[in-house]
1. At a Förster distance of 25 Å, what's the computed FRET efficiency of residue 91 paired with residue 13, Cβ-Cβ distance as r, to 0.05?
2. Which one, (1) -0.46, -0.98; (2) -0.40, -0.95; (3) -0.30, -0.86, gives log10 I(q)/I(0) by the Debye sum over Cα atoms at q = 0.11, 0.18 Å⁻¹ as derived from the coordinates shown?
3. Within the chain, what is the longest stretch that has no trypsin sites (Lys or Arg not before Pro) placed in a DSSP loop and near at most 13 other beta-carbon atoms within 10 Å?
4. Compare the Cα positions of 61, 23, 87 along the charge dipole of the chain (+1 at Cβ of Lys, Arg; -1 at Cβ of Asp, Glu; about the Cα centre) and return the one farthest towards the positive end.
5. Build a GNM of the chain with springs between Cα atoms under 10 Å: which of 33, 24, 73 gets the top mean-square fluctuation?
6. Given the options 36, 58, 98, state which has the largest fluctuation in a GNM of the chain using a 10 Å cut-off (strictly under) for Cα springs.
7. If the limit is 18 Å between Cα atoms, which of 69/121; 47/76; 43/68 go over it?
8. Does region 55-97 come out rounded, prolate or oblate by the C-alpha gyration tensor, with a ≥ b ≥ c the root eigenvalues, rounded set by a/c under 1.5 and, if not, prolate when a/b is larger than b/c and oblate if not?
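The values are calculated or read from the model by the stated rules, or taken from the named source; none is laboratory data. Keep in mind that this is a model prediction, so the values were computed, not measured. For neighbour counting, all protein chains shown are included, and Cβ atoms are generated from backbone atoms with ideal geometry for every residue, glycine included. Keep in mind that these areas ignore ligands, DNA and RNA; they rest on the heavy atoms of the full protein, side chains included. Shrake-Rupley method; radii C 1.70, N 1.55, O 1.52, S 1.80 Å.
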Amino acid sequence: MIFIRTLLIILGTISLVLGIIGIFLPLLPTTPFLLLTAFLYLKSSPKAYQWLISRKRLGPYIINYQEKKIIPFRTKIYAIALMWLCTFVSIVFVVDKLWLRIILLAIAIGVTIHISSFKSKE
């Protein structure tokens, strides 16, 4: 049991680091990594979870998402715009197979609908 708990804390910490890097690196998504971190910390260490949600910059995003299913409007716009930019670049410059372009387009549409379905705050 201690092994699993330690593994979850390590995975949560890796996810947290990736989420923080994602704040500065546009190609890495921040919110999914923070939500994964919150989940892993909650399952492994209530103390680590409390530390995470008490962070001034990170905590409100996690709490708003978990409790109220709210994503700040600016975050929604930023996430959708960045996703479409990356999808466009991938479809035009990276991917050469039509079926893969269609899948990327379908994923971008699905994610846009999903993100848009959340209430906005701001």
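1. Working: r = 34 Å, r/R0 = 1.38.
Using R0 = 25 Å, I get an efficiency of 0.15.
2. Entry (1).
3. Within the chain, the longest run free of exposed trypsin sites (Lys or Arg not before Pro) spans 1-54.
4. 61
5. Greatest mean-square fluctuation among the candidates belongs to 24.
6. Highest fluctuation of the listed residues: 98.
7. Those over the limit are 47/76; 43/68.
8. On the way: a/c = 3.41, a/b = 3.29, b/c = 1.04.
Verdict is prolate for region 55-97.
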